[in-house]
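The values are calculated or read from the model by the stated rules, or taken from the named source; none is laboratory data. Small disclaimer: the values here were computed from a predicted structure and weren't measured. Cβ sites come from the backbone with ideal geometry, for glycine too, and all protein chains shown count toward neighbours. For accessibility, only protein heavy atoms count, side chains too; no ligands or nucleic acids. Shrake-Rupley method; radii C 1.70, N 1.55, O 1.52, S 1.80 Å.
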Amino acid sequence: FPRSDRTVTKLNVKDWRTKVKEDQMWLVMYYEDGSSDQQGTADNFREVCKRMAHYIKCGAVDCSDSKSENLCSARGSTKDIFLFAYKSHSRPVKYEGPTTEPAPLRRFVEKKYPSFVHQCSSKKQTEQYVNKRSKLPKVVLFSASSSSHTAPLLFKALAKRFVAKYLFAQAAWTDSWLKQEFKLSQRKEKKTARKHPKSVVAMKEVNGQVHHYYGKMDYKSIGTWLLKFKPVKVTDQDLKQATPKTKVEELTKASSRKYFSSAGFVVLFVLPTSIDAMPAYETLIQRSVAPYRKDKLFKFVCVDTSKQGRSFLDAFGGAAGDDGTIAVVALKPKSLKYAKTVTSSAWLQGQGTGKDNLKKQHKVSLDSSTKEISSFLESLLSGGQKLSKISALPVLRS
């Protein structure tokens, strides 16, 4: 590897300190100059580096050079290839595949390349991405050949480059709900199919404005398109207003007629008091139900036990409200079957306080309760939740 090589950078100890940056990915080959058995490996290594020039930096360390001795001894090798994925905060990964052709090495880099791309391969994943509160715009690659496991290297590299500017995701063309969120109409879809039958990129700003990219599907072109958008200053208040909310009203005698005629699940948040008296409850409820906001199987309501009394709790086995807990009851009114989970309200401690330790405690506990409720709702969707029977629907007070 001569110094004049534009594809592969020759590295010694001094070069390593000045050229190898922590925000880059490096594929580095260690070799001994004049070794005839490594010539084929070097040619294949250079071929991979040419094809992946936009995504990684490539270097070569000559272990027969005294200036590189420390670099070689640090890796304990003079004839290996390592991938340094600094951005993923991981240790260098040694390549142990064949070197007789470039394809296996290229696949190794693609597999090990760190991903900042959210996979929208299920309804829950899609809704979590759409409902995620963030000051960053969202960018989605819609692809006909979308994989449920990995994003294409092109998109991984773009996500890595713009990790501080955008939230990236990958989805299939068949995800009609996400296409609707990003305003990909049938007319535009047909236009896209004529030009690029495999994929299209859509970007949605925090203020709701949507942009579509119909140009070349390459790193430089898409990168140039993303660079032209100036970041919009977004306050926490703006973010709060932009986040869609799920309607969760209070269950009363009057409204029970509407909800108890539902064919799906009526999800009851059984609270010791009303949301008006304790607005913090709404934070937990909205965070828990966000992924299921558009799911027709669920209708969400809250029950104030200070108004409805102990008899309402007893209908579902009690155990909520008396000991600082909150019950979530999923009721199927038509079949008189229900399932229940109980979560702690310890997360209320530290709410609104200025003390850092209490704030942290509040966040951890709130995250834990949100996860418990979300897991409960997910198990209802999958049919994995055991249902109990009640003799009659509970009678509510006015």
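Can you give the extra length, in nm with one decimal, that the chain gains between Ser311 and Ser121 once fully stretched, where that is 0.36 nm per residue apart less the Cα-Cα distance?
Details: separation 190, 0.36 × 190 = 68.40 nm, distance 4.32 nm.
This chain segment gains 64.1 nm when fully extended.
R0 = 25 Å: FRET efficiency of Lys258 with Asp367, Cβ-based, nearest 0.05?
For R0 = 25 Å, the calculated efficiency reads 0.15.
Ranked highest first by average number of other Cβ atoms within 10 Å, how do 264-272, 285-293, 59-67 line up?
Ranked from most to least packed, the peptides come out as 264-272, 285-293, 59-67.
For Met29, Met217, write out the residues from largest to smallest accessible area, computed with a 1.4 angstrom probe and no ligands counted.
Met217, Met29
At what distance in nm do the modelled label points of Lys135 and Val20 sit from each other, each positioned 7 Å from its Cα along Cα→Cβ?
Result for the modelled spin labels: 3.4 nm.
Ordering Asp33, Asp15 by accessible area with a probe of 1.4 Å, largest first, what comes out?
If we order Asp33, Asp15 from most to least accessible, we get Asp33, Asp15.
Can you pull the one-decimal nm distance between simple spin-label points at Leu297 and Lys67, each 7 Å off the Cα toward Cβ?
Placing both labels 7 Å along Cα→Cβ, they lie 6.4 nm apart.
Would you mind checking Lys165/Lys371; Lys123/Lys258; Lys160/Lys230 for any pair whose Cα atoms are more than 22 angstrom apart?
Lys165/Lys371; Lys123/Lys258
Could you check the spin-label model distance between Lys247 and Leu381? Points 7 Å from the Cα along Cα→Cβ, value in nm.
That separation, rounded to one decimal, is 2.1 nm.
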